[in-house]
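Notes for the one structure printed next.
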Amino acid sequence: MKAARLPTSQLPTSESRASGSPASPSLLWFRDDLRLSDNPALAALAEARTPLAALYVLDEDSPGVRPLGGAARWWLAQSLRALAADLKDRGVPLILRRGPANRVVPEVAALLGAATVAFNDRAGAAETRVDHAVAARLLSEDRRVLSFCAHLLHPPGSVEGASGGMPRTFSSFHRAALKARRLDTPLPAPKHLDGVAHPPEGETLESFDLEPTHPDWAGGLRSAWTAGEAAAQARLAAFMDAGLAGYAEGRDRPDLNHVSRLSPHLRFGEISPRQILSAVRHAAEAGAVPLVDADKFEAELYWREFSYHLLAEMPDLARSNIQHGFDAFPWRECPGELKAWHKGLTGYPLVDAGLRQLWQTGWMHNRVRMVVASFLTKHLLIDWRSGEDWFWDTLVDADGANNAASWQWVAGSGLDAAPYFRIFNPVTQGEKFDPDGTYVRTFVPELGKLPAPLIHKPWTADAHTLAHAGIRLGHTYPRPLVDHGAARERALRAFESTRK
Ligand SMILES: Cc1cc2nc3c(=O)[nH]c(=O)nc-3n(C[C@H](O)[C@H](O)[C@H](O)COP(=O)(O)OP(=O)(O)OC[C@H]3O[C@@H](n4cnc5c(N)ncnc54)[C@H](O)[C@@H]3O)c2cc1C
């Protein structure tokens with residue numbers, strides 16, 4: 001069995017330690033790679049043509065592994081359902097188990113009598129520690145272990161600047177990565193798989209308790225999304241048809257449809273970055289989309305690579321400032337203002353629309369993510385970690401690398417971060433990127449009747465206009481939580497302290 005053409009992982013594997021007869025079963029351990037196509041671990045096992053069982057472990061017990069937030073748990077349930085159905089169509093059982101992976105994986109491998117266990121790498125220091133422990137235990141039991149890098153275009157740590165080490169700015173990282181970039185053809189889903197006839201018993205998806213019941217808050221998520229590999233491919237196809245051309249300009253407009261919304265599919269590995277990049281590059285080469293749009297989109301995929309490289313270098317990315325000057329930053333403790341921000345009741349329509357889009361659909365447009373994050377950390381001077389936590393719990397694409405790196409980028413404490421003095425004005429951002437107020441009207445319907453010139457600053461409307469639009473400021477919609485100009489001055493003074 002070979003892993004030719006595929007980037008292999010850093011984990012100890014055992015190409016030379018095969019045991020068992022050729023017909024001994026194999027075990028595929030699924031993690032953040034819930035797909036059948038372009039899945040190197042699955043491709044390797046399919047090539048061997050041994051009877052196969054698949055395993056997913058809900059591991060909430062291993063030390064340091066951050067439990068998924070609520071929206072991501074909901075997504076995981078849908079994704080596992082889709083994966084189980086796809087595998088079942090090919091005769092392969094998906095065994096669900098709960099517990100610490102370094103106990104559960106070897107246990108299932110033993111029950112199955114698996115000669116080989118294969119998986120694709122995950123990111124994160126704690127996850128990698130678990131994977132090393134699992135691999136070591138399996139090897140000690142004389143099983144063969146195969147692991148691959150399938151979540152990223154470049155394995156973490158592999159992109160280096162001229163003087164070695166990870167490049168410190170995104171543009172130098174991107175330049176170095178492009179030099180190393182390989183446009184390999186993604187692997188097709190295996191045509192033929194042999195499932196084991198008698199898999200070890202598993203638990204039910206319901207017993208994982210991933211979906212909310214009392215109350216069932218997931219209605220908005222259900223209306224907005226379909227999880228699973230087929231849905232991910234359909235979303236990519238729709239984006240290639242109707243979103244990519246015009247991406248470079250349109251990607252900043254939350255009122256338009258120019259972004260891919262592939263992030264939750266990427267987060268759970270229902271689609272690989274290589275599949276996306278390959279589709280985009282082919283379309284550009286064929287002249288089907290302008291090069292400028294393809295290049296801009298590819299650059300965004302590289303922001304994801306940048307975040308993962310950063311996470312590999314800084315395992316504590318979600319808790320510790322990258323720039324230590326921020327360790328003494330005078331963050332304010334104000335639960336009332338944080339709650340108003342959570343609920344989308346800050347009195348700034350673009351900020352409120354973003355936070356309500358997040359609550360209703362589990363996702364927020366990138367431009368608006370930047371504005372709401374800037375508002376929290378700069379207008380309210382609330383610690384970026386509080387915002388990161390909220391996003392972690394409410395985003396369907398909540399991602400250990402992208403979320404933390406982006407929050408630090410906006411707050412100013414990150415690598416190659418937005419400068420501290422860049423304080424987004426939520427009114428002018430709204431006027432520029434949601435000029436007709438379409439986005440605000442969708443998520444803040446109580447402002448729906450305001451004319452476009454006033455929709456991003458309702459407090460400037462006269463009494464007659466407000467009455468005509470059915471708005472009572474302070475009652476049906478809040479007055480601004482802070483004055484922009486005063487908040488900006490306060491933030492600049494606070495940020496001065498990081499420069500001493
Ligand atoms: C405060 C804040 C928090 C964020 N948290 C997350 C998160 O938890 N998970 C997450 O995937 N992204 C996060 N992002 C990055 C970005 O907002 C999302 O990736 C993007 O909005 C997803 O929508 P899309 O798939 O339509 O993006 P597209 O514009 O279609 O881009 C395609 C893909 O490129 C990647 N990408 C795009 N923009 C960025 C970016 N700025 N940084 C890193 N990767 C990017 C994503 O994987 C995305 O799916 C965050 C950004 C901010 C400002």
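Please treat every number below as a calculation from the coordinates, not as lab data. None of the values given here were measured: they were computed from a predicted structure. Here Cβ is always computed from backbone atoms with ideal geometry, including for glycine, and neighbour counts include all displayed protein chains.
Between region 147-212 and region 387-433, the alpha-carbon centres lie 24 Å apart.
Computed over the alpha carbons of region 324-499, Rg followed by Dmax gives 15.9, 51 Å.
Compared with the dominant principal axis of the Cα atoms in the chain, helix 170-180 is inclined by about 30°.
How do C334, C149 line up, fewest other C-beta atoms within 10 Å first? Present the calculation step by step, with values, prior to reporting the outcome.
Working: C334 14, C149 20.
Least to most surrounded, the residues fall as C334, C149.
Taking only C-alpha pairs under 8 Å that are 6+ residues apart, what is the relative contact order of region 335-479 in percent?
Reported as a whole number, the value is 24 percent.
Taking Lys and Arg as +1 and Asp and Glu as -1, the other residues whose beta-carbon sits under 9 Å from that of Y420 total +2.
Put simply, when 388-400, 431-443 are sorted by average Cβ atoms within 10 angstrom per residue, most first, you get 388-400, 431-443.
Per-residue ellipticity at 222 nm computed for the chain from its helices equals -13500 deg cm²/dmol, with DSSP H segments shorter than 4 residues left out and the rest contributing -39,500 (n - 2.57). Against the chain, whose longest principal axis is taken from its Cα atoms, helix 384-394 shows a tilt of about 60°.
The convex hull built on the alpha-carbon positions of region 348-408 has an orientation-averaged projected area of 3.6 nm².
Which whole-number percent is the relative contact order of the chain (Cα, under 8 Å, 6+ apart)? Let's see the in-between values first.
Numbers: 840 pairs, mean separation 82.9, N = 500.
Over the chain, the number comes to 17 percent.
Viscosity 0.890 mPa s, temperature 25 °C: what is the translational diffusion coefficient of the chain from Stokes-Einstein with a Kirkwood Rh over Cα pairs, rounded to a whole number of µm²/s? Don't skip to the answer; put the middle values down first.
On the way: Rh = 24.2 Å.
D, rounded to a whole number, is 101 µm²/s.
Here the Kirkwood formula, the inverse mean of 1/r across different C-alpha pairs, assigns region 26-151 a hydrodynamic radius of 14.7 Å. Once the Cα atoms are used to define both axes, helix 229-242 deviates from the longest principal axis of the chain by about 50 degrees. Only Cα sites of region 241-365 enter the Debye sum here, all with the same form factor; the resulting log10 I(q)/I(0) across q = 0.10, 0.17 1/Å is -0.48, -1.11, listed in q order. Normalised by the number of residues in region 26-151, the average gap of Cα pairs under 8 Å and 6 or more apart makes the relative contact order 36 percent.
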